[in-house]
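Please treat every number below as a calculation from the coordinates, not as lab data. The structure displayed is predicted, hence computed values, not measured ones. Because the Cβ atoms are built from the backbone with ideal geometry, glycine has one as well, and the counts that use them run over all protein chains shown.
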């Protein structure tokens with residue numbers, strides 16, 4: 001099939017203060033085998049050297065590459081909305097900053113969307129990489145049988161490895177800036193009402209764990225958990241109730257809907273603390289435990305973290321947390 005006959009794909013990656021990770025991500029996108037590709041990179045007013053590094057790529061004159069520089073910091077969700085508004089692709093591929101796509105990732109996912117018109121969103125198997133510890137863990141999700149009911153129990157994608165049809169994105173209403181975090185989960189829960197999901201059952205993506213990222217940083221993870229629970233709860237509401245809840249979110253923020261003492265939120269925060277300990281990051285787990293309302297639980301996190309923080313106990317630590325179903329990422 002000629003390049004012109006292939007649907008155009010726009011891959012979008014956004015950066016804020018991660019200039020040192022830009023090269024490996026952009027190289028992986030520029031090395032894609034899929035010929036009809038547009039690559040949009042946005043710099044969200046980074047104070048580091050992201051803009052200077054992008055200058056070097058801009059000088060290459062690659063016609064596939066489009067660079068957007070924000071004059072003010074918009075945040076990731078608004079940055080994605082803006083980038084998609086300028087995209088020319090029929091399919092949109094998300095690419096996490098600092099992550100790596102295999103050369104055939106775009107081709108493999110686009111082939112699924114081409115061959116199966118009922119599918120609107122496609123992910124892949126992926127590897128979680130903790131670079132500083134030399135850890136690589138293969139994850140093999142399967143979204144093929146996803147329903148609204150199953151998706152409301154937990155997210156089937158990690159966002160960075162996903163490709164979706166622009167038409168389905170538009171029909172669902174796109175990302176909503178009111179979701180500072182979990183903007184992807186909110187979107188999937190609306191998309192699943194209009195299409196099927198699928199997974200390419202090959203590892204096409206390497207997700208590099210950044211401990212300052214949303215899922216791990218103590219000051220962000222508890223807020224992300226609020227949005228996650230809100231997404232789940234909204235999915236189980238009727239249309240009118242969902243609309244009313246969304247209006248309350250716009251007016252008052254997530255605290256009004258999922259307060260800090262919410263038992264389900266506290267459970268997720270505790271699990272996040274234990275997950276950090278499972279990764280061998282006890283100091284960050286202790287910082288995150290400040291979000292726990294229970295003093296005994298805060299003390300338990302501190303004690304468990306210290307108990308499993310030595311290299312000698314690394315193997316027992318992994319066995320204990322695996323038995324608990326907590327494997328870090």
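Applying 0.36 nm per residue to the separation of residue 52 and residue 236 and subtracting their alpha-carbon distance, the gain on full extension is 61.6 nm. Here the simple spin-label model places points 7 Å from the Cα toward Cβ, and for residue 245 and residue 299 these points are separated by 3.7 nm. Helical content of the chain, expressed as a calculated mean residue ellipticity at 222 nm, amounts to -12500 deg cm²/dmol (DSSP H runs of 4 or more residues, -39,500 (n - 2.57) each, divided by residue number, nearest 500). At the listed q of 0.18, 0.22 Å⁻¹, the Debye profile of segment 132-186, built from one uniform point per Cα, gives log10 I(q)/I(0) equal to -0.79, -1.07. A Förster radius of 22 Å combined with the Cβ-Cβ distance from residue 116 to residue 30 puts the calculated FRET efficiency at roughly 0.20. If you plug the beta carbon distance of residue 23 and residue 306 into 1/(1 + (r/R0)^6) with R0 = 51 Å, you get a FRET efficiency near 0.85. Entry note, the chain: relative contact order of 15 percent, from Cα contacts under 8 Å with a spacing of 6+ residues. Label sites at residue 88 and residue 193, each approximated as a point 7 angstrom past Cα along Cα to Cβ, lie 3.4 nm apart. Binning the C-alpha pair distances of segment 218-323 at 10 Å intervals from 0 yields a P(r) profile of 15, 38, 25, 15, 6, 0 %, listed from the shortest bin outward.
Let me test this: with uniform point scatterers at the alpha carbons of segment 169-270, what is the Debye-based log₁₀ I(q)/I(0) at q = 0.11, 0.13, 0.17, 0.19 1/Å? Reported log10 I(q)/I(0), two decimals: -0.40, -0.55, -0.90, -1.07.
This structure gives Cα extents along the principal axes in Å, computed directly, and of (1) 59, 47, 34; (2) 65, 51, 33; (3) 63, 49, 40 that value is listed as (3). For the chain, the antiparallel share of DSSP beta bridges with both residues in that region comes to about 30%.
Residue separation of residue 45 and residue 171 scaled by 0.36 nm, minus their Cα-Cα distance, works out to 42.4 nm of gained length.
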